[in-house]
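Everything on this sheet refers to the single structure shown next.
The values are calculated or read from the model by the stated rules, or taken from the named source; none is laboratory data. In this text the structure is predicted, and so the values were computed from the model without any measurement. Positions of Cβ are generated from backbone atoms using ideal geometry, with glycine treated the same way; all protein chains shown enter the neighbour counts. Heavy atoms of the whole protein, side chains included, go into the accessibility calculation; ligands, DNA and RNA do not. Shrake-Rupley method; radii C 1.70, N 1.55, O 1.52, S 1.80 Å.
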Amino acid sequence: MMKARTLFASASMIPAICLLVLAGVCTNAPRALAACPLPPGVTPPDDPPVTARQVEDGSASLRGFALAARDRYRIPISTLEGALYFQCLVRQEGSPWRSGSTYIVSLTPDGRVYEHARAMAFSGRLLNPLIYAEILSALGVEPAVLANLASTDPAVAAQAFGAVMSTLSQEPDGAFDATNPVPGLRPGIPGASGHVATYLVGDSPIPTVLLVGFDLNESHLVPISDEAIDYGDPAVTARDVVDRKTLKAFVTGAGEWFVTLAETATDPAAISKARIAARDPKGPWRHGPVYLYVLELTSNTIMFHAAFPDRFEWRPLVPTVRDAVTGWLILPQVIDAAQSSPEGGFVEYYFDDPTDDTDSADIPKVGFAREFTATIGRPDGTAFTLNLIVGSGFYGRAPDVVAMGPRTEVEAKVLGDAVEGLDVEFSRAIAGRQSDYDWSAVTDAAGMFSLTISNENGVSGYYRARATNADGEVVGRWSSIPLNEGRRQVLVLTLGGGMRVVRVEALSASGPAVASKAAFGAAAVPEASGLSPNVPNPFNSATLITYHLSIAGPVKLVIYNVLGQPVRTLVDEFRAAGSYQIRWDARDQLGASLSTGVYIARMSYPGGAQTQRLLYLK
């Protein structure tokens, strides 16, 4: 009987891993999802002879729907795209498979939720053993076998589980009802009733338990706190993510953890528990707007989404969501970033998170995505490969993303051939210490980039830098770069190794003609923080930007072009409450005159952010 249990563990690992395949940047907008678009080459399945709607209107029985669903689930689906399409249909309200309170819940033989058509957040969770015992009893499992499943003797429990597998493999069905109390055994459990059927797919020896008419909710599941969940031991947790460096480390650690588990786990419960761990807001993998997602590359289907599984999981993410500032499609940027180098890449975009009342499209989202490959073994000794993109992102208010400790800023232009999209990394040059390249930025089309270097132990000294292209090749190296704490250094770097300091300025000097609150007379502290209309607008040489702070705090005022690329940082420092003005002369960070067009001023301040359009006419 132990052999039967081992077979269950290894064979059922495959569909469980398919659930684990992820997904970020996954925006939280419902319109990002197509209803259930038919993938090329996939033949749509026939509608079941008994539909969920017929059950709802009383023209068909619950058993008839359960058996019709079982007959369809028995049919093997040869491609991943076809399987995902069918799973999408099963979850779609109004389809033949889901209507009102009639929908499908499937369980693995150990009583864990595999699929929940209405609440994918429950996938991986363990059903209350008292309810599952009632379900198994309805399928014909003997009371003595049910009692032995809970035995502390592993041999007895294994033998009982083998008997359960034997019964389920006969594909029985039956009505179950745990709503009435059984004296001495269990209380009545509200809502725990419905019809159950089991099925096998093809030659697989592993049965699946199919439930219909059971409105399964949180009260029917074992509390997460009652399970032994292995959360792993990430070096960087979701709570630690505050900048690009920590975001990259977080995603890398998560991807490696998932892949290792997928390739080595023999217990399907371990896979399910990993999903629970990734969703748990009290665990290390999810905190506020920082959460994990996985995208399967072949079908562009979100296989896992830690924050919004009901909205996204098992559904195709079509590239229709656009950056609110640039208008560029976001999904292709995520995929390009993930494949830009073996270590993945960053993408920054503007989009409103509709689930967060404090967010707006004015606040940039920084995402990091990386491609991973998992090779999954089959029971017959063969294997299949999953190509996944694992990603996450963050956005923060000023206290989260502005370095308040010792820091320096670098604004630089890289000269040479093919200077766009280079990953430029900086490392402190300390004798006897290996370069760690803790700070990085990506060049724009003109070879320009900016980054902030911060360290509580100070940042003054000499630095090394290197530039790598999309293939991961190092195309430029620089050494002996002098950087000073509290200063902004403007540099020119040539790919041949040359370095020139163009300008050094104090971080407190945010630009020319900076006026304090006194310039406005004895005005009171502003009631609200934000930007006032710039004057003049349009302008042909310079414009005056006025901004207000209702409370003291860090302020950042950046000018962007219409492609969403930063061209000039005007303010980046802590300011007292008050009103301020700053003059912008339509020049970039290196002092070069910009071309005619629309520019965007973005101010971030404690508790929010605001943007405003500027029209420059030469």
Share of carbon and sulfur in the accessible heavy-atom surface of the range 216-294 [1.4 Å probe, %]: 53 percent
Estimate the FRET efficiency between Glu485 and Gln434 by the formula 1/(1 + (r/R0)^6), using the beta-carbon distance for r and 25 Å for R0, to the nearest 0.05. 0.60
Tally Lys and Arg at +1 and Asp and Glu at -1 over the other residues with C-beta under 12 Å from the C-beta of Leu261: what net charge comes out? -2
Each residue of the range 564-570 in order: what ³J(HN,Hα) in whole Hz does its phi give by Karplus 6.51 cos²θ - 1.76 cosθ + 1.60, θ = phi - 60°, with x for Gly and Pro? x, 8, x, 10, 7, 9, 8
What does the charge dipole of the range 74-168 about its Cα centre add up to, to the nearest 20 debye, if the Cβ of each Lys and Arg holds +1 and the Cβ of each Asp and Glu holds -1? 280 debye
Two-decimal log10 I(q)/I(0) for the range 142-234, as the Debye equation yields it once each C-alpha is a single scatterer, q = 0.13, 0.23 Å⁻¹: -0.65, -1.30
For the range 99-168, shape from the Cα gyration tensor axes a ≥ b ≥ c, cut at a/c of 1.5 then a/b versus b/c, turns out prolate
Order the following by accessible area, largest value first: Thr198, Thr252. Probe radius 1.4 Å; ligands, DNA and RNA are ignored. Thr252, Thr198
Could you name the aspartates and glutamates in cross-link range of Lys618, using Cα to Cα under 14 Å and dropping any fewer than eight places away on the same chain? Asp585
About the Cα centre, charge dipole magnitude for the range 411-464 (Lys/Arg +1, Asp/Glu -1 at Cβ), debye: 280 debye
Could you pull out every residue, at least 5 positions away or on a different chain, whose amide H is within less than 5 Å of the one on Ser529? Hs are placed 1.01 Å off N in the peptide plane, and Pro or chain starts have none. Ser550
Return one whole number: the accessible area per residue of the range 37-76 in Å², for a 1.4 Å probe. 59 Å²
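Hey, which of these cross-link pairs are over 24 Å Cα-Cα: Lys248/Lys365; Lys365/Lys556; Lys245/Lys273?
Flagged as over cut-off: Lys245/Lys273.
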Summed residue charge, Cβ within 12 Å of Gln339's Cβ, Lys/Arg positive, Asp/Glu negative: -3
Give the ranking of His220, His287 by solvent-accessible surface, highest area first, calculated with a 1.4 Å probe. His287, His220
For Tyr605, tell me the accessible area in Å² from a 1.4 Å probe, rounded to the nearest 10. 30 Å²
Checking the range 408-490 for GluC sites (Glu not before Pro) in a loop per DSSP with at most 11 other beta-carbon atoms within 10 Å yields Glu456, Glu473
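Ranked by accessible surface with a 1.4 Å probe, highest first, in what order do Lys618, Lys365, Lys245 come? It would help to have the intermediate numbers written out before the result.
Working: Lys618 150, Lys365 15, Lys245 100 Å².
So, going from the largest accessible area down, we get Lys618, Lys245, Lys365.
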Under 12 Å Cα to Cα from Lys413, which aspartates and glutamates show up? Leave out anything in the same chain fewer than 8 places away. Asp444, Asp588
Accessible surface of Val141 in the full protein assembly, 1.4 angstrom probe, to the nearest 10 Å²? 10 Å²
